[in-house]
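Visitor: Right, I'll just put the structure down here and ask away after.
What follows draws every value from the coordinates through simple rules; no lab data is involved. Because the structure is a prediction, the values reported are computed rather than measured. Here the Cβ is made from the backbone with ideal geometry for all residues, glycine too, and neighbour counts use every protein chain on show.
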């Protein structure tokens, strides 16, 4: 089984908790109705999950263990939402019956699993005939930024190495179509969308988050423990992120691949 590269440190949750339908699942919105039963695979802190719950009839949220699942459970409870349930699941072998959901969704999940094709097969199995399987993943090799800081180049190289050492594929966005075809889908709509960070507030949020995460998260521990990097290397990268965030010319683009695959 692959290991989740980011972990669930506060520096990670700070970023992930800002996600919602509008910035992370807009491509799926036309398929969401008040009668939709939706499975959200890898719900994380639950910000997208609870947004779905405000639109569809019912949401089932899954995570790989109870500690991760409790994040979305707690958020739903704090919002007073009652049209959700929660389950610890492995996407490679879901416990749900065939044809159980109208929509099966995964955001930034397939890049972290050991076998994304098998994951998509399982997502297809539990989707009702005529339903949709939706996936969106970033593509790290496509990240671009300005100014061109060597510390950010070093960060990207280390992240991609760490993700692959954990059994994942950081350049997942470009592979979604191929993975879906290998999983047996033949009716697949492919789109792309970006996150862009260029104004002072967005630079402070994105750059500040990575400046902290490279020092404090599971990724930081992995890089040092595996001797891919030293603590001094990580401090230099953190300082580079801070310089980027403070630069009035700073600009960053995160590209995503998206698929809607008909079951």
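Visitor: Out of all DSSP beta bridges with both ends in the stretch 10-262, state the antiparallel percent to the nearest 5. Provide the component values of the computation, followed by the final result.
Guide: Values: 21 of 41 bridges.
Beta bridges within the stretch 10-262, antiparallel portion: roughly 50 percent.
Visitor: Cβ neighbours within 10 Å, averaged per peptide: list 37-44, 193-200, 127-134 in order, most packed at the top.
Guide: Working: 37-44: 25.5, 193-200: 14.0, 127-134: 19.8.
Highest mean packing first, the order is 37-44, 127-134, 193-200.
Visitor: Let me ask something else. Suppose the chain between residue 188 and residue 88 were pulled fully straight at 0.36 nm per residue; how much longer would it get relative to their current alpha carbon spacing? Before the final figure, lay out the partial values.
Guide: Values: separation 100, 0.36 × 100 = 36.00 nm, distance 2.82 nm.
Computed gain between residue 188 and residue 88 is 33.2 nm.
Visitor: Does anyone have the angle between helix 66-78 and the longest principal axis of the chain? Alpha-carbon axes, 0 to 90°, nearest 10?
Guide: 80
Visitor: I would also like to ask the following. Return, for the Cα atoms of the stretch 10-262, the radius of gyration and Dmax in Å, separated by a comma.
Guide: Gyration radius and largest Cα-Cα distance of the stretch 10-262: 18.3, 54 Å.
Visitor: Related question: Run the helix sum for the chain: -39,500 (n - 2.57) per DSSP H stretch of 4+ residues, divided by residue count, reported at 222 nm to the nearest 500 deg cm²/dmol. Please report the intermediate quantities before stating the final value.
Guide: Working: 10 runs with 105 residues, N = 263.
Here the helix-only value at 222 nm equals -12000 deg cm²/dmol.
Visitor: Going highest first, how would you order 80-87, 172-179 by mean Cβ packing within 10 Å? Kindly include the intermediate steps, with their values, before the conclusion.
Guide: Working: 80-87: 14.0, 172-179: 20.4.
In decreasing order of mean packing, 80-87, 172-179 become 172-179, 80-87.
Visitor: Below 8 Å between Cα atoms, with a sequence gap of 6+, how large is the relative contact order for the stretch 10-262 in percent?
Guide: On the way: 491 pairs, mean separation 53.0, N = 253.
So the answer I get is 21 percent.
Visitor: Shifting gears a bit: Among 192, 33, 62, 49, which comes first, then next, by fewest other beta-carbon atoms within 10 Å?
Guide: Values: 192 15, 33 11, 62 25, 49 29.
Fewest-to-most ranking of 192, 33, 62, 49: 33, 192, 62, 49.
Visitor: Something else about it: As an exercise, use a Förster radius of 22 Å and the Cβ-Cβ distance of residue 202 and residue 26 to find the FRET efficiency, rounded to the nearest 0.05. Intermediate values should be presented prior to the final figure.
Guide: Details: r = 18 Å, r/R0 = 0.80.
For residue 202 and residue 26, the calculated efficiency is 0.80.
Visitor: Moving on. So for 63, 26, 216, 169, fewest C-beta neighbours within 10 Å to most, what's the order? If you can, show how the numbers build up before the last one.
Guide: Working: 63 25, 26 14, 216 17, 169 22.
Lowest to highest Cβ neighbour count: 26, 216, 169, 63.
Visitor: Any idea what angle helix 200-216 forms with the longest principal axis of the chain, computed on alpha-carbon atoms, 0 to 90 degrees, nearest 10?
Guide: 80
Visitor: What's the center-to-center distance, using Cα atoms, between the stretch 52-66 and the stretch 184-263 in Å?
Guide: 25
Visitor: Using the alpha-carbon atoms, what tilt in degrees (0 to 90, nearest 10) does helix 231-246 show relative to the longest principal axis of the chain?
Guide: 80
Visitor: Still on this structure: Give me the distance in nm between label points sitting 7 Å out from Cα along the Cα-to-Cβ direction at residue 178 and residue 231, one decimal.
Guide: Taking the simple label geometry, residue 178 and residue 231 are separated by 4.0 nm.
Visitor: Based only on other Cβ atoms within 10 Å, what is the fewest-to-most ordering of 151, 66, 227? Please list the in-between numbers first.
Guide: Numbers: 151 19, 66 10, 227 7.
By the 10 Å Cβ count, ascending: 227, 66, 151.
Visitor: Could you tell me whether the stretch 137-227 comes out rounded, prolate or oblate from its Cα gyration tensor? Rule is a ≥ b ≥ c as square roots of the eigenvalues, rounded for a/c under 1.5, then prolate if a/b exceeds b/c, otherwise oblate. List each step's numbers first, then the result.
Guide: On the way: a/c = 2.55, a/b = 1.40, b/c = 1.83.
The shape class here is oblate.
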